[in-house]
Structure formats: structure tokens, C-alpha cells
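The values are calculated or read from the model by the stated rules, or taken from the named source; none is laboratory data. Here the structure is a predicted model, which is why all the values come from computation and not from measurement. Cβ atoms come from the backbone with ideal geometry, glycine included; neighbour counts cover every protein chain shown. The accessibility values were calculated without ligands, DNA or RNA, using every heavy atom of the protein model including side chains. Shrake-Rupley method; radii C 1.70, N 1.55, O 1.52, S 1.80 Å.
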Amino acid sequence: MDVEFLRHKYEDRHDGVITKAKFKLGVRHIQVVYMFVCSFAMGALRSSNSIAILSVAQQSRNNGSYLQNHNWDKRIQGTVLSSFLVGYASAMLPAELYLKEVDDKFIMAAVLLINGGLTAAMPTIVKKGGWIAVSNGEFLMGITQACLSPVNLNLISKWLPPSERSLCGFLIQGAIILGTIIALPVSGIISESRLGWELIFYSQAMMTLSTATLWVLLTSSTPETHHAIGDTEKEYIRRSLSCYRQNKLHKPWRNILQTKQFWAIASAHTAANVLYVFFLVELSSFLVSMDLSIKNSGSQTALPFVGMWVVYLLTSPTIELIYGIGNVNYLFDVKYFRKIVNGFGSLGIVIGLLTLPYLVPSWNHLGLITLVGTFSLLGIQYSGFLENHKDMTQNYSNTLLVLSNIVSSAVAALVPVLTAAIVNVDEGDLNRWKLIFRLLAGFYVICNVVYTLCANSDRQEWDRSAKTKFGYCNALTNLELDEINQTTRLDCQREDDTSV
């Protein structure tokens with residue numbers, strides 16, 4: 001869940017050339033706009049979910065509302081929130097493997113309609129079915145939302161020439177975290193209205209179902225089946241895609257899972273995803289326990305995500321530029337570069353987690369700055385361990401990211417339940433929250449120590465078994481480029497010796 005906004009940067013091997021032509025707006029960019037809106041709606045729905053569940057249990061704080069307080073304690077809230085995450089984690093691998101065989105427009109429409117319908121029915125489910133029925137609904141929504149990124153990537157590969165995929169993929173996948181950022185404060189504001197948590201669900205349902213209507217009426221799975229696209233643009237897309245094809249390689253699942261370096265990356269990814277989920281679903285509860293209103297807690301929960309996104313956008317190109325030109329060789333071995341970047345981000349996060357609970361008694365601008373700064377360092381860490389996927393393999397970087405995402409999401413799904421078990425019924429007990437932050441910091445240290453000791457940037461043997469055809473390969477690492485350049489120089493020397 002935490003790296004969905006980066007999925008467009010990872011793909012399994014393609015062969016061919018990327019043809020460039022004069023950029024012109026077309027129907028394909030209108031399709032991108034609709035995909036952006038769909039991703040935004042799903043990101044907004046999943047983030048507003050935590051505020052809505054918190055509002056169900058905290059409605060007694062709002063005296064202006066006529067809604068009934070359902071007296072859900074922290075354990076019930078944790079079970080409901082965890083149900084969504086469990087559904088999401090359980091559906092990730094089937095979605096990646098089998099959705100390519102189904103019509104993409106149909107899948108996206110089904111995702112929107114199921115989530116919109118369940119959200120619209122959620123107030124009735126809360127009143128009539130109780131928290132068990134709500135948990136079942138959340139589980140189903142989690143399953144369907146796991147289909148969002150695979151469908152987006154399939155549509156991008158069918159609609160966009162390779163030269164346009166980077167920017168458009170960034171916009172489409174980035175809309176997920178943009179929806180998260182906007183929905184958190186808006187949901188907090190809505191929670192203090194007379195309709196309270198019901199209006200949060202109804203507003204999200206209205207947006208999602210409206211998006212589904214637009215998607216069904218105005219989009220298509222491929223350019224060939226779209227009624228509004230012209231023959232010139234259709235031929236341009238067809239020619240661009242004919243020169244850039246994904247290879248049908250047998251994926252070495254067993255070899256990947258038996259690789260120590262993969263589990264090192266998965267451990268760092270697990271720590272990052274646990275932190276992401278904690279800030280998304282539990283931070284608002286922590287802030288409310290300090291007697292902040294749900295409105296203010298929603299706004300303050302959104303700020304760390306803004307910081308993380310901005311930091312990643314600023315640091316990722318810079319770090320990759322330094323890594324690519326090889327200047328780091330003057331300071332240390334390039335193989336340790338990813339670990340140093342990751343270590344810098346994780347060290348700051350651990351310090352921030354240990355500091356935050358002690359700022360509660362006088363929560364002010366310093367506490368908020370520490371909160372934002374701690375989570376923002378995750379953007380730097382993403383430029384460390386996540387790039388190791390591309391270093392380890394030229395051919396299966398997307399496959400590695402999917403597997404590490406499955407492992408990390410499965411562990412992160414336990415965060416709401418474990419937090420609820422520690423906090424129990426006394427949400428205002430600061431000592432319990434201190435224990436949670438210490439455990440989170442300790443888990444972060446252990447996972448990143450494992451990454452530092454076991455990870456490396458060497459290309460794996462199971463990746464070399466897939467022979468690279470003549471032409472363009474989409475993911476050459478810095479180390480691989482050095483090997484190729486050295487081989488080329490030796491060949492040139494042999495030719496010179498032969499000519500002499």
C-alpha cells in the first residue's frame with residue numbers, strides 16, 4: 001500500500017526501442033485524466049475510512065450531532081481497520097497474476113461500484129449489522145482496492161507510448177496519495193457536522209459512484225475499442241507500442257524467495273509499510289487521545305504525508321543522479337550507497353518515534369514539526385532500499401516489488417490490532433502510547449539492521465539466466481553498466497592488437 005504511488009517506475013523487462021515524436025494532446029490524455037480521477041477517489045476513500053471509524057466511536061464528543069454513539073472501544077476499531085488491510089494484502093498476488101486476462105475497463109468499473117456501494121450502505125451496516133458486518137464490508141473493499149494499481153499499469157501499457165509513460169504514470173499513481181492528503185482534513189471537518197460520520201461515508205460514496213458513471217460511459221480498455229479516438233492517434237500508439245514489448249519470461253518465484261538479499265529488502269520494506277499504516281490509521285487516534293478534536297487530528301495527520309511526498313520528489317532525482325555518475329566512488333564503495341541512504345532515513349525516523357511521545361504534554365508547533373519531519377524521512381528511505389530492486393535484476397524489478405509489497409502489507413495489516421491490544425480501553429493513557437512508539441522504533445531498528453547486513457546491489461544469478469536479446473533493456477544498473485563498459489574496452493583492445 002505504501003509504494004503504490006511509485007509503481008509506475010518498476011516494470012519487468014521490455015525489449016525494443018523507445019520512439020519519440022512531437023508531443024500532441026489526444027484522446028489518450030483524456031483517458032489519463034479519468035484514470036487520475038479513479039485513483040484519487042480510491043485514495044480518498046481509504047484514508048477517510050480511518051477518520052469515519054474513529055468518528056463512529058467518538059461521536060459523543062460532538063454535542064451538535066443527533067447520531068448515536070456506538071461505544072466501539074479501541075479493540076473493535078482495530079479489528080475493523082485491520083479487516084481492510086487484510087483484504088488488501090490477501091488479494092495482491094492474485095490481482096497481479098490474473099487481472100491481465102480480464103477486461104481492464106470492467107475491472108476498474110467493478111472496483112469503483114463495489115467500493116461506492118459498500119460505502120453508501122455503511123451507515124446502515126453500522127446501525128443494523130454492528131462491527132462484525134462492518135469488518136466484512138471493509139474486508140471486501142480491501143480486496144477490490146488491491147486491484148487498482150495492476151489495472152492502472154495495464155491501461156498505461158495499452159494506451160500510452162513509452163515516451164509518455166513516466167510522466168502520466170506519475171500523475172495517475174500519485175493521485176492515490178493526493179487523495180489521501182486531501183481526504184484526511186476534509187473528513188475531519190465533515191465529522192463535526194450534524195450528520196457526522198454518516199456524511200463522511202455518503203460523500204465518499206457520491207464521489208466514487210459518480211466516478212464510476214464517468215468511467216463506464218466515457219472510457220475504454222484499449223484505443224482500438226474507443227469510439228472517439230481518431231485513426232491518426234490510434235496508428236501512432238500502435239506503432240509506438242510495436243517497437244517496445246514486454247518479454248514473456250518465466251518468473252523464478254522459488255529462486256527469488258530463496259534469495260537472502262530479497263528478504264533483506266523485504267524487511268526494510270516491512271518496516272516502512274508498518275510506519276505508513278500506523279500514520280494512516282492510528283495517528284488520528286493518538287492525536288485525539290491528547291484531547292485534540294477529530295477535525296484538528298485529521299488536518300495534522302495529512303501533513304506528514306505531504307512532507308513525505310515532497311521530500312521524495314526532491315531527493316530521489318538527486319540521489320539517482322549521484323549514483324548514476326559514480327561520484328560516490330570517491331567516498332566509499334558504490335555497493336554501500338543504498339545502505340547509507342536507507343540508514344540516514346531510518347535513523348532519523350527512529351529518533352523521531354522515540355521523541356514524539358515526550359512532546360505530548362506541551363503539544364505545539366515543535367511537536368507538529370517533529371511529527372512531519374519523522375514521516376518525511378520515509379521519502380529519503382524510499383530512495384535507498386526500493387532502488388535495490390532494480391540493482392538486483394534487469395528483468396524482474398516489478399515482480400520483486402510486488403513480492404516485497406505483499407510481505408510488508410501482510411505484516412502491516414496487524415498494526416491496528418496490535419495497537420488496540422496495547423491501548424485497550426484506556427486511549428488516554430500516555431504510557432501505553434509511549435510503549436507503542438518504542439515498539440515501533442525497535443521494530444524499525446531490527447528490520448533495517450537486517451537490511452544493512454544482508455542486502456547488496458549485485459545482480460542475482462537467477463536474473464542472469466534470462467538471456468537479454470539485442471536491443472533496449474529498461475533497467476540496467478550502475479554496476480551492470482560498469483561491467484558492460486569494461487567488456488567493451490577489452491574487445492576494442494583485442495581488435496587494435498589484431499589490426500597491428
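Spin-label model, H227 to I322: label points 7 Å out along the Cα-to-beta-carbon direction sit 5.5 nm apart.
In order along the stretch 302-317, the phi-based Karplus estimate (6.51 cos²θ - 1.76 cosθ + 1.60, θ = phi - 60°) of 3J(HN,Hα) comes to 6, 4, x, 5, 4, x, 4, 5, 5, 4, 5, 5, 7, 8, 4, x Hz; Gly and Pro are listed as x. Spin-label model, L435/L313: points 7 Å from Cα along the beta carbon direction are separated by 4.1 nm.
Placing W197, W253 in order of accessible area, with the largest value first and a 1.4 Å probe, yields W253, W197.
Taken one residue at a time, the phi angles of the stretch 373-388 give Karplus couplings (6.51, -1.76, 1.60, θ = phi - 60°) of x, 4, 6, 5, 5, 4, x, 5, 5, 4, 6, x, 5, 5, 6, 5 Hz. Gly and Pro are set to x.
Find how much the distance from N424 to W363 grows on full extension, using 0.36 nm per residue of separation minus their present alpha carbon separation; answer in nm with one decimal. Walk me through the intermediate numbers first.
Values: separation 61, 0.36 × 61 = 21.96 nm, distance 2.31 nm.
That pair, N424 and W363, stretches by 19.6 nm at full extension.
Accessible surface of M108, taken over heavy atoms with a 1.4 Å probe and every protein chain present, rounds to 0 Å². Considering only protein heavy atoms and a 1.4 Å probe, what is the carbon-and-sulfur percentage of the accessible area of the stretch 234-309? Reported share for carbon and sulfur atoms: 51 percent. Measuring against 28 Å, Cα to Cα, the residue pairs K9/K248; K74/K260; K24/K251; K74/K339 contain K74/K260; K24/K251; K74/K339 as the ones spanning a longer distance.
Classify the stretch 355-424: rounded, prolate or oblate, from the alpha-carbon gyration tensor (a ≥ b ≥ c, eigenvalue square roots; a/c under 1.5 rounded; otherwise prolate if a/b is larger than b/c)?
Cα axes put the stretch 355-424 in the oblate bin.
Can you compute 3J(HN,Hα) from phi for each residue in the stretch 407-418, using the Karplus curve 6.51 cos²θ - 1.76 cosθ + 1.60 with θ = phi - 60°, rounded to whole Hz and x for Gly and Pro? Per residue, the Karplus-derived 3J(HN,Hα) values read 4, 5, 5, 5, 6, 5, 5, 7, 4, x, 5, 5 Hz. A 1.4 Å probe run over the protein chains yields, for the stretch 261-327, 29 Å² of accessible area per residue, whole-number rounding.
On the basis of the beta-carbon distance and an R0 of 25 Å, H70 and I182 show a calculated FRET efficiency of 0.40. Under the simplified labelling scheme, the W253-H29 pair shows an inter-label distance of 4.1 nm, with each label point 7 Å from Cα along Cα→Cβ. Computed extension length for R194-L347: 50.7 nm, one decimal, from 0.36 nm per residue of separation with the Cα-Cα distance subtracted.
Full extension of the segment from A110 to K127, taken as 0.36 nm per residue of separation minus the current Cα-Cα distance, would add 3.5 nm.
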